[in-house]
Structure formats: C-alpha cells, structure tokens
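Here's the structure we're looking at; comments come further down.
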Amino acid sequence: MRRVGLTAVSWLLFASTVLAQGPKGADSLPPAAIVDSQKVLAALEKTLRANRNDAAAWYRQGMIAWALTARAYAPNPPRSLDPTRLGRLADTSLRIAAQIEPQNVYYRIAVGRFLLASGAAITRFAAGGHFEGALDVARKGGDAMTHAEAA
C-alpha cells in the first residue's frame, strides 16, 4: 500500500511539472502569429478534406490548435480565439494522427502531453496510457533516441 501511495505522489508531482509544458511561447503569441496560425488551420482543413488519412496534417493541425488554445487561456486573450473549440480540435487532431500512424512514437507522446496539460484530472490520468503505448512502440523499434525520449 505504501508503494501505491508513493507512486501516486510521484505521479502527481510529475504531472504538475508537466502541466506547464505546452507549446513553448504559446501563451504570448503576438497578433500577427495568431492570424498566421488561423490561416494555416484553414489550409490544413482543406488538405484534410482532400485526404482524411494524412497523419502529418492532423498532427500539425493539432499542434497549432493546442498553441492557440494556450493563447486563448493566457491573460488578455484575443476575442477571435475560442478555447473550447480549439481545445477540442487539438485533442481530436492529435488523437487521429496517432490512430492513423500507431507506430509513430512522437504522435503518441503529443497526445499524452496534451492530455497532461488539460485541466481535468481524469484526462490527465488518461495520458499515462498514451505514454505507455509510445514506449511500447519505441521498444520494438531500433532507434535508441526515440526509445529514450519515450521513456
């Protein structure tokens, strides 16, 4: 029982340090970068309409939406950013990228990091499964750097 308690405390400490880790600088994106990001999202939407199985495009869309979500929650957010819609877009896009390419360790890690950065405890708890999946895939691959990052 003591081990379970220590594991839970370790996990909470780890999760609290990771929560601050979203896309770097996203909380201070300048207006021009926000406009550019919104244009890229529109272009990616067209790309994904043409090819729903483009994992790289889903991943890019998810990362951009995540950065805009972080900016929407930062002080003095632009009115044009809807954090709920952007958060859902980021979540869905990152998960789809990982589903399309389940052997891509980095897509799985991105889903886990996004979930850790969420505000809901149940969502943060679900991140562990994505990290474990990434580690399983990395162990089967031959790249030591990818294995180290997943671990």
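The values are calculated or read from the model by the stated rules, or taken from the named source; none is laboratory data. No experiment lies behind these values; they were computed from the predicted model shown. Note: ideal-geometry Cβ built from the backbone for every residue, glycine included; neighbour counts use all protein chains shown. Just the protein is used for accessible areas: all its heavy atoms, side chains included, with ligands, DNA and RNA removed. Shrake-Rupley method; radii C 1.70, N 1.55, O 1.52, S 1.80 Å.
Within the range 113-151, which residues are open to solvent by 80 Å² or more (accessible area, probe 1.4 Å), among the aliphatic types (A, V, I, L, M) and within 21 Å of Gly62 (Cα to Cα)? Matches in the range 113-151: Ile122 only.
Would it be correct to say that Leu68 is over 23 Å from Ala97 (Cα atoms), surrounded by 17 or more Cβ atoms within 10 Å (Cβ to Cβ) and touching a helix residue (DSSP H, G or I) at 6+ places or on another chain (Cβ under 7 Å)? For Leu68, the condition - over 23 Å from Ala97 (Cα atoms), surrounded by 17 or more Cβ atoms within 10 Å (Cβ to Cβ) and touching a helix residue (DSSP H, G or I) at 6+ places or on another chain (Cβ under 7 Å) - is not met. When the helices (runs of 4 or more DSSP H) confined to the range 74-151 are screened for residues that are closer than 23 Å to Val40 by Cβ, those reaching at least 2 such residues are found at 83-100, 105-116.
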